[in-house]
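These notes concern the structure reproduced below.
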Amino acid sequence: MADFTQRVFSGVQPSGNLHLGNYLGAVRRWVALQDSYPCIFCVVDLHAITVYQDPSALETATREVAAAYLAAGIDAKAHIVFNQSRVPEHAELAWLFNCVVRLGWLNRMTQFKDKAGKDREAASAGLYVYPALMAADILAYRATHVPVGEDQKQHLELTRDIAAKFNHDYAARIAERGLGVPMTMGEQEVQGFFPLTEPLIEGPATRVMSLRDGTKKMSKSDPSDLSRINLTDDEDQISKKIRKAKTDPDGLPSELAGLAGRPEADNLVGIYAALAGRSREAVLAEFGGRQFSEFKPALADLAVASLSPVSARMREHLADPAGIDAVLRDGAERARAIAAETIAQTKAIMGLLND
Ligand code: AMP
Ligand code: TRP
């Protein structure tokens, strides 16, 4: 990336309980990035309402996600934490991007196909243009790095496609107004207004699977609560869910190759590795040859030891909803100052008279 100011942006939807997949695939990795980049972490409530949300449950879930960020160790003073709907520039830029994104691109999005299910006609228009809003979230801050789980890879490719098309379509105006940053596009040196954002999808837990079915992603919407560990689960629930996790009858292999075709075993090893901050190889070097009857209690202890301090801190924050709201309000004000400038420049580039 050329000379764009380095910045991290990411978000979680307040559409239900936060689970171990959100924590290991996203939030916990954000904590580590805070030392290297200025960061913006958003509770993406406008994305949540692309499917119907009960209004008071949405308020609760928004505060819960914010509490989880703080409990995990996000520093809301040094960085920015806010909820998306408090910064209207997200919706405004999303409209501009709706006019850049092509129907063909949206039609390829697998998350829309999964979420809309068989009855596409009954899905909201918001669910369809969801990826343009996500691009707006990121590009309102011209963010250069976005840490997410594996399932968001396609949306981030679309974000790059939108940025590239905008930079290309408006190249002359961007250069004329001196708003571009030199960047390479393929072989060419061009002046781009929006960066081509890098996805950060790394580590042993970019795709945590259901504890009941190793071929399905751990998700907020799975009807079985045994399929996921929620950040609000207590020690007994965590231990019980790991004890009951589906496995196969074999013991653990000593090498990665031995996990091939064993999705449940692979998932539990990945979870252990992520929680312990070790590689899967190192976990197998220790547990290879042992049975699940030994591995599961070790995993349960590790999960309880790592997650219970987070859920305890989450409960403390949730006991003070006004405190959470103050954090979100302050974050929104600081976010808005950045986003407003980007949107004013974007409009000027596009020929939309303003100011
Ligand atoms: P969502 O709950 O869809 O808003 O997701 C919030 C973040 O958690 C995104 O970065 C997702 O990629 C990540 N995430 C969601 N589910 C999982 C999972 N099962 N494994 C790893 N990361 C996940
Ligand atoms: N679509 C993401 C998810 O479901 C949430 C999200 C919305 C997001 N806007 C974002 C993630 C911007 C990263 C950056 O997980």
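The values are calculated or read from the model by the stated rules, or taken from the named source; none is laboratory data. Quick caveat, the model's predicted, so the values are computed rather than measured. Quick reminder, even Gly has a Cβ in these numbers, built from the backbone with ideal geometry, and neighbours come from all protein chains shown.
Values computed for the structure shown
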item: Condition check for Leu156: in contact (Cβ under 8 Å) with a residue 40 or more places away in the chain and in a loop (DSSP other than H, G, I, E, B); result: no
item: Residues of segment 9-35 classified as at pLDDT 95 or above, touching a helix residue (DSSP H, G or I) at 6+ places or on another chain (Cβ under 7 Å) and within 12 Å of ligand 2 (Cβ to nearest atom), total; result: 7
item: Residues located in segment 257-292, provided they are more than 22 Å from Thr215 (Cα to Cα) and assigned to a helix (DSSP H, G or I); result: Ala276, Ala282, Ala285, Glu286, Phe287
item: Helices (runs of 4 or more DSSP H) enclosed by segment 41-118 - at least 2 residues per element that are away from ligand 2 (no atom under 16 Å from the Cβ) and either of a type in the set (Ser, Thr, Tyr) or under 23 Å from Ile229 (Cα atoms) (or both); result: 55-72
item: Scope segment 317-355; condition of a type in the set (A, V, I, L, M, F, W, C), assigned to a loop (DSSP other than H, G, I, E, B) and closer than 30 Å to Phe166 by Cα; matching residues; result: Leu352, Leu353
item: Positions within segment 190-205 being assigned to a loop (DSSP other than H, G, I, E, B) and either within 20 Å of the chain's Cα centre (by Cα) or not assigned by TED's automatic domain parsing to the domain that holds Tyr170 (or both), in sequence order; result: Pro195, Leu196, Thr197, Ile201, Glu202, Gly203, Pro204, Ala205
item: Boolean, Asp169 is touching a Lys or Arg at 6+ places or on another chain (Cβ under 9 Å), more than 16 Å from ligand 2 (Cβ to nearest atom) and not assigned by TED's automatic domain parsing to the domain that holds Ile242; result: no
item: Meets criteria (within 12 Å of ligand 1 (Cβ to nearest atom), part of a loop (DSSP other than H, G, I, E, B) and among the small types (Gly, Ala, Ser)) for Ser10; result: no
item: One residue from Val129, Val146 being assigned by TED's automatic domain parsing to the domain that holds Ala340 and either at positive phi or not in a helix (DSSP H, G or I) (or both); result: Val146
item: Inter-residue pairs, beta-carbon under 7 Å, first without any contact (Cβ under 8 Å) to a residue 24 or more places away in the chain and in segment 333-355, second not in a helix (DSSP H, G or I), 6+ apart; result: Ala344/Asn354; Ala344/Asp355
item: Residue ID - farthest from ligand 1 (Cβ to nearest atom), chosen from residues in segment 206-244 that are of a type in the set (S, T, N, Q) and part of a helix (DSSP H, G or I); result: Ser239
item: Set Glu189, Glu202: member being farther than 19 Å from Phe4 by Cα, surrounded by fewer than 16 Cβ atoms within 10 Å (Cβ to Cβ) and at pLDDT below 95; result: Glu202
item: Extreme residue, nearest to Asn83 (Cα to Cα), among residues of segment 31-50 that are near ligand 1 (Cβ under 9 Å from one of its atoms) and touching a residue at least 60 places away in the same chain (Cβ under 8 Å); result: Val44
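Okay, residues lined up against (1) farther than 14 Å from Lys296 by Cα; (2) free of Cβ contacts under 8 Å to residues at least 24 places away in the same chain:
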site: Thr215; (1), (2): yes, no
site: Ser219; (1), (2): yes, no
site: Leu226; (1), (2): yes, yes
site: Asp234; (1), (2): yes, no
site: Ile238; (1), (2): no, no
site: Asp250; (1), (2): no, yes
site: Ser254; (1), (2): yes, no
site: Gly258; (1), (2): yes, no
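To keep it simple, each residue is scored yes or no on (1) surrounded by 15 or more Cβ atoms within 10 Å (Cβ to Cβ); (2) at pLDDT below 95; (3) touching a Pro at 6+ places or on another chain (Cβ under 9 Å).
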| position | (1), (2), (3) |
| --- | --- |
| Arg63 | yes, no, yes |
| Val81 | yes, no, no |
| Arg86 | yes, no, no |
| Ala91 | no, no, no |
| Met109 | yes, no, yes |
| Ala125 | no, no, no |
| Asp151 | yes, no, no |
| Lys165 | yes, no, no |
| Tyr170 | yes, no, no |
